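Let me begin by presenting the structure, written as structure tokens, before commenting on it.
Any read-out appearing in this document is the output of simple, stated calculations on the displayed coordinates, not a laboratory observation. In this text, all values refer to a predicted model and were calculated from it rather than measured experimentally. All Cβ positions, even for glycine, are placed from backbone atoms using ideal geometry, and neighbour counts span all protein chains on display.
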Amino acid sequence: MAKRPAFFVKQGKVIREIYSFEWYSGFAVSQKQKSIKSLHNAIKKADLNARPLEISTKSMEHIGIKASALHLKINNDTLENVFQSAKVFEHGGPYLDLLDVSPKEAKRDERLHKSGSLKAFRYQNEEFPLIPQTVFYDFIYITAIKQSFITDEVNTILRYNYFTDIEFNPAKSINTQARAAAILKLIADEYGYLPSFNKEDFIQYHKEHIFC
């Protein structure tokens, strides 16, 4: 058995629940998808109205794959590259050359682990704080959706009400595309569209609505 979170909107806030499910070991996509199905079945068992969507390259839905950080683009750069290249450390960064490599290379660049403590994120001459913890990742994710997706594709995501990321383990990492997708749904449900938040307004919105 394994445990993974799902993110959803409840009473105007994004929250998460942890679900236990059968894990299928192995690196093959087919094995990952068996685990996703098992996780989604656990969610549906707990909530008969649940419509879960996996947001990752392992998703069984095309929209879930397209909405993953390895496929989304912001200002023509892959979201994962933007996130990694914006990190400002105690002894270095931001490493803008990470925009010019593959997403996997950007994520594994040794400088990200040898430059001291993470201090902030800097993107397009704006500096984002580390608190709220996931605010920069969530901001660029939603910006990327606005840039990359047509209205029908956004509406397809909004038909779902639970969001998962099978590779995300909250014991090992903080940011996840599943949480960001839930925030997207919260904003769209509240406003009826996706407004263009500036940095300060989004930070404030995050503090008031994101509790996971």
Margin query: Spelling out what I want: for every residue of the range 48-56, take phi, set θ = phi - 60°, compute 6.51 cos²θ - 1.76 cosθ + 1.60 (Karplus), and round to whole Hz; glycine and proline get x.
Written below: 5, 9, 6, 10, x, 10, 7, 10, 5
Notebook entry, point to check: Pick from Thr134, Thr176, Thr151: which residue has the top mean-square fluctuation in a GNM of the chain where Cα pairs under 10 Å get a spring?
Noted result: Thr151
Next item on the list: Give me the distance between the Cα centres of the range 143-212 and the range 1-66, rounded to whole Å.
Entry: 16
Next item on the list: Could you tell me which of the pairs Lys3/Lys172; Lys32/Lys66; Lys45/Lys66 are separated by over 21 angstrom between their Cα atoms in the structure shown?
Entry: Lys45/Lys66
Next item on the list: For Leu194 and Asp97, compute 0.36 nm times the residue count separating them, minus their Cα-Cα distance, and round to one decimal in nm.
Entry: 31.9 nm
Next item on the list: Divide by every residue of the chain the summed helix terms, -39500 (n - 2.57) for each DSSP H run of at least 4, and state the resulting mean residue ellipticity at 222 nm, rounded to the nearest 500 deg cm²/dmol.
Entry: -12000 deg cm²/dmol
Notebook entry, point to check: What shape does the range 54-165 take by its C-alpha gyration tensor, where a ≥ b ≥ c are the square roots of the eigenvalues and a/c under 1.5 counts as rounded, a/b above b/c as prolate, and the rest as oblate?
Noted result: prolate
Item checked: Inter-label distance for Gln31 and Lys146, nm, one decimal - labels placed 7 Å from Cα along Cα-to-Cβ -> 4.1
Next item on the list: Project the alpha carbons of the range 154-199 onto their principal axes and report the range along each, largest first, in whole Å.
Entry: 34, 27, 13
Checklist line | Gained length - Glu153 relative to Leu70, 0.36 nm times residue gap less alpha-carbon distance | finding: 28.2 nm
Next item on the list: First obtain the Kirkwood hydrodynamic radius of the chain from its Cα pairs, then insert it into the Stokes-Einstein equation at 25 °C and 0.890 mPa s, and state the resulting D in µm² per second as a whole number.
Entry: 139
Note to self: Bin width 5 Å, origin at 0, all Cα-Cα pairs of the range 1-50: what percent of pairs per bin?
What the structure shows: 5, 20, 26, 22, 14, 8, 4, 1
Checklist line | Kirkwood-based Rg to Rh ratio, the range 101-174, C-alpha trace | finding: 1.00
Next item on the list: Pull out the extension gain between Ile18 and Arg108, defined as 0.36 nm times the separation in residues minus the alpha carbon to alpha carbon distance; nm, one decimal.
Entry: 29.6 nm
Margin query: As a test, work out the antiparallel percent of DSSP beta bridges whose residues both lie in the chain, rounded to the nearest 5.
Written below: 85
